[in-house]
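Participant: If you scroll down you'll find the structure; I have some questions about it.
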Amino acid sequence: MASIRKLKKDIDFLTQEVVETIMIKLYFVPETKSQELLKMAEDFVDYRDNVIKKINKPELKEEAEKKKKKLKSYYNEIFETFMAEVNKAFEDLNKIKDSDSSK
């Protein structure tokens with residue numbers, strides 16, 4: 001990541017994409033799945049909040065000269081984990097679609 005600011009913007013954008021997709025799907029999915037979709041959106045926003053907290057207060061206790069390299073790898077790890085969670089959210093949304101089309 002180039003900067004913490006860019007990292008936060010990327011996380012916000014991806015969160016918005018996931019929540020928008022959930023809301024669009026909510027419009028097309030029968031009423032029986034609406035609570036599941038709303039819970040998924042709520043959980044993802046909570047996860048985003050926790051990630052932003054981790055970014056704002058990194059938990060590194062290293063020497064000053066090593067700290068910069070450690071921070072960079074720390075932020076890269078956070079972003080990779082977040083991307084995995086985004087992919088998981090979209091896979092879960094597709095599973096809901098698959099279970100509806102089998103009826």
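The values are calculated or read from the model by the stated rules, or taken from the named source; none is laboratory data. Computed from a predicted structure; not experimentally measured. Quick reminder, even Gly has a Cβ in these numbers, built from the backbone with ideal geometry, and neighbours come from all protein chains shown.
Participant: Of everything in the range 2-59 that's among the hydroxyl-bearing types (Ser, Thr, Tyr) and surrounded by 14 or more Cβ atoms within 10 Å (Cβ to Cβ), which residue is nearest to Glu77 (Cα to Cα)?
Facilitator: Taking the range 2-59 and keeping what is among the hydroxyl-bearing types (Ser, Thr, Tyr), we get 3, 15, 21, 27, 32, 34, 47.
If we keep only those that are surrounded by 14 or more Cβ atoms within 10 Å (Cβ to Cβ) too, we end up with 15, 21, 47.
Working: Thr15: 17, Thr21: 25, Tyr47: 15 Å.
My answer is Tyr47.
Participant: Here's something else I'd like to know. Test of understanding: among Glu59, Glu77, which residue is acidic (Asp, Glu), farther than 19 Å from Asn94 by Cα, modelled with pLDDT under 95 and part of a helix (DSSP H, G or I)? Please lay out each step first, then the result.
Facilitator: Values: Glu59 fails: part of a helix (DSSP H, G or I).
Step by step, each of Glu59, Glu77 is checked, and only Glu77 is acidic (Asp, Glu), farther than 19 Å from Asn94 by Cα, modelled with pLDDT under 95 and part of a helix (DSSP H, G or I).
Participant: Counting only residues that are over 20 Å from Glu91 (Cβ atoms), modelled with pLDDT of 95 or more and either touching a strand residue (DSSP E or B) at 6+ places or on another chain (Cβ under 6 Å) or not acidic (Asp, Glu) (or both), how many does the range 9-44 have?
Facilitator: Summing the residues that are over 20 Å from Glu91 (Cβ atoms), modelled with pLDDT of 95 or more and either touching a strand residue (DSSP E or B) at 6+ places or on another chain (Cβ under 6 Å) or not acidic (Asp, Glu) (or both) in the range 9-44 gives 1.
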